[in-house]
Amino acid sequence: MVGRDELYKVIERALECSPGDETEVLLMTSDSYLTRFSKNYIHQNVGETDSVLSLRVILGQRIGRASTNSLSDAAVREAVTTAAEIARLQKPNPEFKSLPGPQPIRDVCAWDEATAECPAVQRADAVKLITEKCAAAGVEAAGALSTSAREIAVGNSHGVRAYHPYTVADLSLVAMSGESSGYAAQSHNQLSEICPGRAADQAIKLCLESKGARAVEPGEYEVVLQPYAVLTLVGFMARMAFSARTYQEGRSPLVGKLGQKLVDERVNVWDDGLDRAGMPMPFDFEGVPKRRLELISGGVAANLVYDSMTAGKEGKESTGHATPGGRGPMPANLFFGTGDASLEDMIAGTRRGLLVTRFHYVNPVHPVRTIITGMTRDGTFLIEGGKVVGPVKNLRFTQSIVGALNSLDAIGDKAHLSGGRMGGASVPALKVGKFMFTGVTEF
């Protein structure tokens with residue numbers, strides 16, 4: 001870890017040597033460690049220390065970008081020079097108005113010293129618990145446990161200075177037999193909140209219960225979606241719908257629908273980088289402070305997320321959702337409001353349907369209609385008469401996310417957190433009345 005003072009010194013050096021009318025400096029550092037296992041055996045233990053400096057040099061309305069992995073004086077000067085040279089070669093971007101100015105940023109703790117200093121033997125012991133449980137159950141475990149300590153610092157020529165240190169612990173595993181598999185994953189800012197024994201038990205249970213899967217015909221089914229599957233739907237919805245860039249370009253499903261009912265009135269989705277129940281980040285990658293922003297409120301499409309570029313185009317203020325590299329604004333700290341139904345309630349209320357653990361190999365088909373396609377994986381089961389009656393072979397689905405959220409029967413009463421390098425999402429299980437499956441697999 002470099003520390004606030006040293007990162008701010010790098011920012012000052014970059015700003016001092018920049019010829020730009022405006023300049024932005026983004027710094028990200030990480031100490032990341034990973035223990036990977038397969039066939040009930042640790043086969044890789046790696047560590048990586050990295051620093052990334054990313055620059056935006058602006059001459060009028062011409063924007064140049066450059067980056068480097070070195071924080072030396074010479075590397076910083078070279079990156080500034082490169083960004084300035086690129087800016088001189090660009091056409092003016094009339095949509096650019098200004099980099100943001102400084103605003104008060106609320107401190108939110110996402111740092112855990114024990115996670116940052118986690119020794120390899122501690123990760124190995126956690127993996128040992130998983131592999132011993134799997135071996136005792138006659139299945140093989142594969143997956144990874146990672147811990148990382150990260151920093152982000154942002155500064156610009158208007159006086160923005162922002163710094164945030166945080167830690168991340170992440171566990172994912174698949175338990176496998178010759179004919180079945182089961183999945184579990186956990187994320188948190190604190191390694192102590194990761195429970196490898198519980199994750200192993202969950203994956204083993206799904207794997208053993210998935211043996212002897214039979215094929216069912218594709219078609220429209222009631223579905224009970226575990227939180228892992230819901231994470232996929234919410235993640236794709238976030239990318240497709242809420243970015244002001246996709247809205248301005250006419251590619252968002254919310255075009256012409258802001259302020260209107262979009263999905264079931266029980267659906268509430270918001271973005272909040274200050275909530276410690278998620279993976280908090282108090283500012284975005286332009287140093288703009290985050291706050292709670294309603295995205296879907298009572299089923300109504302409430303708001304878009306903006307960075308300085310998209311906000312300037314409409315004469316608005318950034319909502320604090322800039323991403324690195326100019327990829328446009330994106331909600332990164334998502335919450336899907338819980339309901340009052342247990343998983344058992346959802347299954348009991350299903351006449352004939354499918355219980356889906358998670359999706360994989362998912363791709364967009366029609367972003368404006370929020371249609372995606374992918375496969376079920378690691379535990380798919382048939383429900384009949386309110387009871388799980390057995391495993392089924394995986395199916396391909398092709399489904400509109402908005403359509404699914406308009407066919408909602410129940411929302412789970414517990415949330416599951418999934419994290420990433422730039423945020424996370426907290427979502428419950430869902431019961432959907434109509435979900436389209438369009439193909440079957442051989443496994």
Test each condition in (1) part of a strand (DSSP E or B); (2) within 18 Å of R369 (Cα to Cα); (3) open to solvent by 20 Å² or more (accessible area, probe 1.4 Å) for K257 and report the one that comes out false.
-> (1)
Take the residues in segment 72-129 that are part of a helix (DSSP H, G or I), more than 19 Å from L7 (Cα to Cα) and of a type in the set (G, A, S), then tell me which one is most open to solvent (accessible area, probe 1.4 Å).
-> A114
Can L233 be described as closer than 30 Å to N268 by Cα and either open to solvent by 50 Å² or more (accessible area, probe 1.4 Å) or in contact with a Ser or Thr (Cβ under 8 Å, 6 or more places away or on another chain) (or both)?
-> no
Of the criteria (1) over 19 Å from the mean Cα position of the chain (by Cα); (2) in a strand (DSSP E or B), which one F443 fails = (2)
Cβ-Cβ below 8 Å, separation at least six or inter-chain, first residue in segment 335-352 and among the acidic types (D, E), second buried (at least 16 other Cβ atoms within 10 Å of the Cβ): which pairs?
-> D340/I411; D345/A410
State whether one or more residues within segment 347-354 are more than 25 Å from the chain's Cα centre (by Cα), assigned to a loop (DSSP other than H, G, I, E, B) and closer than 30 Å to P104 by Cα.
-> no
Out of all the residues in segment 24-39, is one or more farther than 19 Å from E286 by Cα, open to solvent by 40 Å² or more (accessible area, probe 1.4 Å), touching a residue at least 40 places away in the same chain (Cβ under 8 Å) and touching an Asp or Glu at 6+ places or on another chain (Cβ under 6 Å)?
-> yes
Has segment 21-36 got any residue that is on the phi > 0 side of the Ramachandran plot and either part of a loop (DSSP other than H, G, I, E, B) or touching a helix residue (DSSP H, G or I) at 6+ places or on another chain (Cβ under 6 Å) (or both)?
-> no
Does E344 meet the test of being open to solvent by 40 Å² or more (accessible area, probe 1.4 Å) and either among the acidic types (D, E) or under 30 Å from S148 (Cα atoms) (or both)?
-> yes
Out of segment 360-375, which residues are touching a Lys or Arg at 6+ places or on another chain (Cβ under 8 Å), touching a residue at least 60 places away in the same chain (Cβ under 8 Å) and not in a helix (DSSP H, G or I)?
-> T373, G374, M375
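Rundown of residues vs (1) closer than 30 Å to L27 by Cβ; (2) outside any helix (DSSP H, G or I); (3) in contact with a strand residue (DSSP E or B) (Cβ under 8 Å, 6 or more places away or on another chain), yes/no style:
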residue: H158; (1), (2), (3): yes, yes, yes
residue: S172; (1), (2), (3): yes, yes, yes
residue: G178; (1), (2), (3): no, yes, no
residue: E220; (1), (2), (3): no, yes, yes
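The values are calculated or read from the model by the stated rules, or taken from the named source; none is laboratory data. In this text the structure is predicted, and so the values were computed from the model without any measurement. Quick reminder, even Gly has a Cβ in these numbers, built from the backbone with ideal geometry, and neighbours come from all protein chains shown. For the accessible areas, the whole protein counts, side chains as well, though only heavy atoms, and no ligand, DNA or RNA atoms are used. Shrake-Rupley method; radii C 1.70, N 1.55, O 1.52, S 1.80 Å.
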